[in-house]
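The values are calculated or read from the model by the stated rules, or taken from the named source; none is laboratory data. Worth saying up front: this structure is predicted, and the values here are computed from it rather than measured. Methodologically, a virtual Cβ is constructed for each residue, glycine included, from the backbone with ideal geometry; neighbour enumeration extends over all protein chains shown. Accessible surface is based on the protein model in full, side chains and every heavy atom, while ligands, DNA and RNA are left aside. Shrake-Rupley method; radii C 1.70, N 1.55, O 1.52, S 1.80 Å.
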Amino acid sequence: MKTKFPAVVFLPVALCCATMIAFAQQPATPSETPKNGSIKGRVTGNDGQPLASIPVMAIPFGRSGIRRQGPGQPMAMPSQTVTDDEGNFEFPNLAPASYFISASIPGYVAPMPEGSEGEEATGNLYRLGEFANITLVKGGVITGKVHNANGEPLTGVNVSAIRIGNVNGETDELSAARSFGRNWRTDDRGVYRIYGLIPGSYIVQAGQMGDQGRALSPYREDAPTYYPSSARDAAIPLAVRPGDELTGVDIRYRADKGHSVGGRAVIAATANKANNQTSNNDFGGMEILLNVAGTDSVVATTFQSDRSQTRGFAFYNIPDGEYELSARRGVGATESDLVSEPRHVSVRGADVSGVQLSLTPLALLSGKVTLEHAAANSAAACPSPRRSFTEEVLLSVHHVDAANDNRKSAPLRPIAPSPSGDFLFRNLEAGRWRLSVNLPDETWYVRSIQSGSPATPTAATATRKTAPAMTAAANLGRSGALLKSGEKLTNVTITIAEGAAGLKGSLSESGKGKMQIHLIPAEKEYADDVLRYAQTNTTGEGSFQFKNITPGKYLLLAKPAKDDSNKLSWDAAQRATLRKEAEAAGNAVELAACQRHDDFKLSVK
């Protein structure tokens, strides 16, 4: 499949602009009416043959992406169609937005998107006028038997495959999302068969941890057994690739007695005050999560809608181990408004009770996105097949602090601004956050992001060779947005300008393996402008590409790829090290507005 990754620009960011063209840029006029368009595409198998009569859906990212068809009309629903005999499909008359295009066949999956660490999980993201090539491959299969110590088959045992990382066993962004999944049951022969697995490393679990249907299961008192016959910490991972069928994954069921873990959730008094609540009993729905301690791996969840004062919860069939409990009010990416700190729980041969989870309010971040279209006769007016609109921008927020990596709040999905540019992120835990922006096409770059009103370009700033000064409070770039519990930061402004440059290149020497290519501002006055830093991984042929670059002078540096290498530009000391190494390497390039440099040769020492 042609996995699409429209360029993502990561923020926090200091004010950064192509000053020689800034005075020519004009914001789009509010009177412009976005025009509907279409997205066409084709669905094929991994053999390249077209797949006919396959259901295909176009789902707009972000709640603002679904526009009303007219005054008083209901919201437009995700579009659906089917492929023709040649595998082709078309979604006509779509409103401007960012769309996720998906096709489905039972037992088949889309190959995992490839991209550098830190890029948004926006594979299959398309906008109007683009062509979607979608490939479906047969998903992985794990099959085997569950039997007791005497070798007798066990019927009706829940079996699940828990994804813990990629095929190499390395944790990835899908590990937490797929940490538990659909349950399968053994048949009268004790046989199970799990199919339609996306590529990755899996551990196989027989028995259901936290099982709420305890009265219906003959194994209701048992802790799960993991392949081949162990507790979770000794489970043997299985690498599953597209189309793989792993047979003989037999599990000898241990029938170890499990334990219960329970307690209650309490809303802190400050949370009631922050949310204008008058009673601690006004609770609503609550989700409780049980995780392996120190990880994002969810082993069980339960939902409570109890409005009584007890608000008790309990998990059953829990084996000995170290865990973390957390709670959030409401379920879903946009509904939670309270979250608890994780509580460590140690299960050692007995039930655990009386765990209290105290929920505190989540923070909010909102503001406005502005697209600055260049004047028609300016150097920044890049050729483009159509005009872009604010609704086609995608915004995401991410924790900056490593200490927040294992917090168990509701997942935050990308959102789209409203037609007027307004955006809102709810459900942000206390801590430091950064924004990332997915741009409509290659002609745009992020000029600034700040707390407060945006700076207005003038003829004086157009020729200034130093980056405009910003206070630490206003600059959400170098340090991110530090939010307190329940805080509302409402005056964030993101300005996106036309005139971006692009750069394609390749390594001067082959056989270097996978490399991380860093793009670093050459002008020292922009040394701390995080927006001007970028990184990407080379392909198998040693080529690389950067999009949505602010016009200016840059240095390039090739380093062995590492999982955390995308974080280098967020640390001042690491930025200084990168600049020093890049200056010594001597790979320099100057990019003008709208320039596409397609044959850069990067020297590797």
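Going by the conditions given, is LYS559 in contact with a Gly (Cβ under 6 Å, 6 or more places away or on another chain), touching a residue at least 24 places away in the same chain (Cβ under 8 Å) and of a type in the set (D, E, K, R)?
When the stated conditions are applied, LYS559 does not pass them.
Which condition number does GLN574 fail, the rest of (1) buried (at least 19 other Cβ atoms within 10 Å of the Cβ); (2) over 28 Å from THR370 (Cα atoms) being met?
Status for GLN574: all satisfied but (1).
Those residues that are buried (at least 17 other Cβ atoms within 10 Å of the Cβ) and of a type in the set (S, T, N, Q), I need them from the range 577-590; list them, please.
ASN587, the sole residue that qualifies.
For the range 351-366, does any single residue satisfy the condition of being charged (D, E, K, R), over 30 Å from TRP444 (Cα atoms) and not in a loop (DSSP other than H, G, I, E, B)?
no
All but one of (1) modelled with pLDDT under 85; (2) part of a loop (DSSP other than H, G, I, E, B) hold for ASN427, so report the exception by its number.
Evaluating ASN427 over (1) modelled with pLDDT under 85; (2) part of a loop (DSSP other than H, G, I, E, B) leaves (2) as the failure.
Between SER98, SER104, which is open to solvent by 50 Å² or more (accessible area, probe 1.4 Å) and modelled with pLDDT under 95?
Just one listed residue meets the conditions, SER104.
List the pairs whose first member sits in the range 142-169 and is at positive phi and at pLDDT below 95, whose second member is part of a strand (DSSP E or B) and open to solvent by 10 Å² or more (accessible area, probe 1.4 Å), and whose Cβ atoms are under 8 Å apart, counting only residues at least 6 apart or on separate chains?
These pairs meet every condition: GLY156/ARG185; GLY169/ALA239.
Show me the strands (runs of 3 or more DSSP E) found entirely inside the range 484-545 where at least 3 residues are at pLDDT 90 or above and among the small types (Gly, Ala, Ser).
Answer list for the range 484-545: 501-507.
Return the total of residues in the range 35-60 being open to solvent by 30 Å² or more (accessible area, probe 1.4 Å) and either hydroxyl-bearing (Ser, Thr, Tyr) or touching a helix residue (DSSP H, G or I) at 6+ places or on another chain (Cβ under 8 Å) (or both).
2
Among the residues of the range 588-602, are any within 30 Å of THR171 (Cα to Cα) and either modelled with pLDDT of 90 or more or of a type outside the set (Asp, Glu) (or both)?
no
Against the condition out of contact with any Gly (no Cβ under 7 Å at 6 or more places or on another chain), at pLDDT 90 or above and among the hydrophobic types (A, V, I, L, M, F, W, C), how does LEU216 come out, does it pass?
no
Report, by residue number, each residue of the range 383-400 that is assigned to a loop (DSSP other than H, G, I, E, B), open to solvent by less than 50 Å² (accessible area, probe 1.4 Å) and in contact with a strand residue (DSSP E or B) (Cβ under 6 Å, 6 or more places away or on another chain).
VAL393
Output the residues belonging to the range 227-265 that are in contact with a Lys or Arg (Cβ under 6 Å, 6 or more places away or on another chain) and under 30 Å from SER358 (Cβ atoms).
ARG264, ALA265
Taking the residues in the range 232-250 that are assigned to a loop (DSSP other than H, G, I, E, B) and not β-branched (Val, Ile, Thr) as candidates, determine which candidate is nearest to VAL299 (Cα to Cα).
Applying the filter and picking the extreme gives ALA235.
Is at least one residue of the range 337-357 open to solvent by 20 Å² or more (accessible area, probe 1.4 Å), modelled with pLDDT of 90 or more and in contact with a Phe, Trp or Tyr (Cβ under 8 Å, 6 or more places away or on another chain)?
Among the residues of the range 337-357, at least one is open to solvent by 20 Å² or more (accessible area, probe 1.4 Å), modelled with pLDDT of 90 or more and in contact with a Phe, Trp or Tyr (Cβ under 8 Å, 6 or more places away or on another chain), which makes the answer yes.
With ARG189, ARG182 as the choices, which residue is open to solvent by 80 Å² or more (accessible area, probe 1.4 Å) and either among the hydroxyl-bearing types (Ser, Thr, Tyr) or modelled with pLDDT under 90 (or both)?
Answer to the selection: ARG182.
When only residues in the range 214-257 that are open to solvent by less than 30 Å² (accessible area, probe 1.4 Å) and hydrophobic (A, V, I, L, M, F, W, C) count, which is farthest from ALA350 (Cα to Cα)?
Only one residue fits best here, namely VAL240.
Looking at the range 401-411, which of the residues that are surrounded by fewer than 18 Cβ atoms within 10 Å (Cβ to Cβ) and in contact with a strand residue (DSSP E or B) (Cβ under 6 Å, 6 or more places away or on another chain) is modelled with the highest pLDDT?
Residue satisfying both the conditions and the ranking: ASP401.
Of the residues TYR323, TYR316, which is farther than 25 Å from VAL397 by Cα and modelled with pLDDT under 95?
Checking each option against the conditions leaves just TYR316.
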